[in-house]
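Inspection log for the structure reproduced underneath, given as structure tokens.
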Amino acid sequence: MALDDSELIAQAQRGDVMAFEQLVYRYDKRVLSMAMAYVSDPEDAKDLYQEVFLRVYRALPKFEFRSQFSTWLYRIATNVCLTHRARQKQHAHASLDEEFDDENTNPHALSDVLASEATSDEHTLNTEIAMQVQKALNALSPQQRLVFTLRHYEGYKLKDIADMMECAEGTVKKYLFTATERMRERLKDAYQ
Amino acid sequence: MNHQRIREWLHLSLSDELSDQERHLVEDHLTRCERCRLELEQLKQLYGTLEGAGRPVPSEQLLWEARQGLRAVLRMERSRHSLWERVTRTISAWAGSLVSSRFPGYAVAAAGLALFAVGLYAGSRGVVPAVFRPQMAVQTVSDEGSDPLAAGDVEITNVQFLDADAKDGQIEFIFEAIRPVHIKGDINDPRIQKVLTYAIINEQNPGVRLRAVNAIKSSPPQSSDSEIKAALITALKTDDNPGVRNDAFAALQKYPFDEDIKNAFLYVLTHDTNAALRITAINVLQTVTGTQRRADQDIVNVLKSRVESDENTYIRTRARAVLEEIKQQ
Ligand SMILES: [Zn+2]
């Protein structure tokens, strides 16, 4: 019989490795999906995934059941996403302008990802338009991008996103609005 | 009602995030405002474009790789951070219990943490060196006969002072006492099983994981112990070493074929990057479906997907053949 989360958590807190793995496997598809939507690059998504669950692993002994485990986990995940972007930016520091505006540069080598589409099912998307959408997404601020992908790709309600990001729903609405407006501006040529 | 506010609400209405009252206001405004109707049309186009572009979706393969990577990361994490946190959590339980006779004038809190080096004698496989960190094995010196400092071969490491200024004549510290432990017993001994389970999941060294799996393979436990079985399934699905996965597969074949094992084998057939393992999986499933007549829809579905998409020609052919056999039953 399947144990519920709190039983698994308690076991994992006592150091039970298998219980921790079981717990991870309950949620990790969503986390990976969230990461993939956010960074679009499979290798980056794997990095995010590992970082999220490493932090969960480290923090779990202090988890006190004050919130739902899933809420707590997704908070960590959103945090990791937002800081991951910062790390990337440091790397690409020299080419900030290109990163956002130039035709040929993309911090996640999206063109590679899309080109490899034929050999994997990593992407259901293809074509020019998908590239442009990704580029427009990459040009958003981390918060805007996260809200946008969580809402439009992952289907979370704004209320839940606010909870994950630990901010007011109004703030999330603002992020979403600005994100969509900026996407629209960038994609004007693509759909008009 | 200003247009800016309405524009924001138009976005929200397309995301299905408006309250009933807000939606009424928007609809009402739209009947009267040409500009906002146009705006809504444009937004719908934008959303259509976004939808048409699709989205990056992680493949099952990526999930598999991510899990393998995570396992390696956690293994490293465990070996690095061994026991400090567990010690501090339990230390208050017995602070001061140690030995004023041994260290007169001081109350010493010592965490004798059992970090057992285990010599495993399983079957005739010889010694398997392993490190065993039992889950709650904080030993207190006051435990009868289990003073970790009493044994001659204790190695004290990682001494950390909790209170070293000694103004009040009290010194408090914790340390890890590492002591080699030999356990000898057969596979049905719960202690042996515990160590094996631990080694399969946590041991850094793939050679040790391999020997632990092998020990089970050569003499599987009589009662089908679910913890060892679960450890084998985890190893089969996620160990980064194909040799370990291969032996985990062989060990699992000694268990009665049930849903868990079926799913694990199907997982291998679907996801394992190693073609030899996928072939083994097909062979085993063929035996099971042939002699035991246990073909079910899950098996059929996976075989079909292999026929269609396995990159390996031989596997595609074999999968088709097994499907044929099943049909003729
Ligand atoms: Zn208007």
**Message:** Would you confirm whether or not the range B:207-216 contains a residue that is in contact with a Lys or Arg (Cβ under 8 Å, 6 or more places away or on another chain) and either under 20 Å from residue A:12 (Cβ atoms) or within 14 Å of another protein chain (Cβ to nearest Cβ) (or both)?
**Reply:** no
**Request:** State the number of residues belonging to the range B:10-46 that are within 9 Å of the ligand (Cβ to nearest atom), acidic (Asp, Glu) and surrounded by 11 or more Cβ atoms within 10 Å (Cβ to Cβ).
**Result:** 1
**Request:** Assess whether residue B:295 counts as being out of contact with any Lys or Arg (no Cβ under 8 Å at 6 or more places or on another chain), aliphatic (A, V, I, L, M) and modelled with pLDDT under 90.
**Result:** yes
**Request:** Would you kindly identify the helices (runs of 4 or more DSSP H) lying entirely within the range B:226-277 that contain at least 2 residues that are of a type in the set (A, V, I, L, M, F, W, C), touching a residue at least 60 places away in the same chain (Cβ under 8 Å) and not assigned by TED's automatic domain parsing to the domain that holds residue B:299?
**Result:** none
**Asked** In the range B:50-59, is there at least one residue being at positive phi, outside the structural domain of residue B:242 (by TED's automatic domain parsing) and away from the ligand (no atom under 16 Å from the Cβ)?
**Response** yes
**Request:** Determine if the range B:212-233 includes at least one residue that is within 16 Å of the chain's Cα centre (by Cα), under 30 Å from residue B:317 (Cα atoms) and not polar (S, T, N, Q).
**Result:** yes
**Message:** So, residue B:273, is that one polar (S, T, N, Q), within 28 Å of the chain's Cα centre (by Cα), surrounded by fewer than 21 Cβ atoms within 10 Å (Cβ to Cβ) and within 14 Å of chain A (Cβ to nearest Cβ) or not?
**Reply:** yes
**Message:** Which residue is nearest to residue A:148 (Cα to Cα), if the candidates are limited to the range A:13-43 and must be at the interface with chain B (Cβ under 7 Å from one of its Cβ atoms) and over 17 Å from the mean Cα position of the chain (by Cα)?
**Reply:** A:21
**Request:** Hey, can you tell me all the residues within the range B:23-79 that are within 30 Å of residue A:60 (Cα to Cα), out of contact with any strand residue (DSSP E or B) (no Cβ under 8 Å at 6 or more places or on another chain) and not in a helix (DSSP H, G or I)?
**Result:** B:58, B:59
**Fill in**
Those residues of the range B:252-266 which are more than 15 Å from residue B:282 (Cα to Cα) and surrounded by fewer than 16 Cβ atoms within 10 Å (Cβ to Cβ) amount to B:254, B:256, B:258, B:259, B:260
**Request:** Please work out which residue is nearest to the other protein chains (Cβ to nearest Cβ), limiting yourself to the range B:1-38 and to residues that are touching a helix residue (DSSP H, G or I) at 6+ places or on another chain (Cβ under 8 Å) and among the small types (Gly, Ala, Ser).
**Result:** B:15
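The values are calculated or read from the model by the stated rules, or taken from the named source; none is laboratory data. Only a predicted model underlies this, so the values are computations on that prediction, with no experimental measurement involved. Don't worry about glycine lacking a Cβ; one is built from the backbone with ideal geometry, like all the others, and counts go over all protein chains shown.
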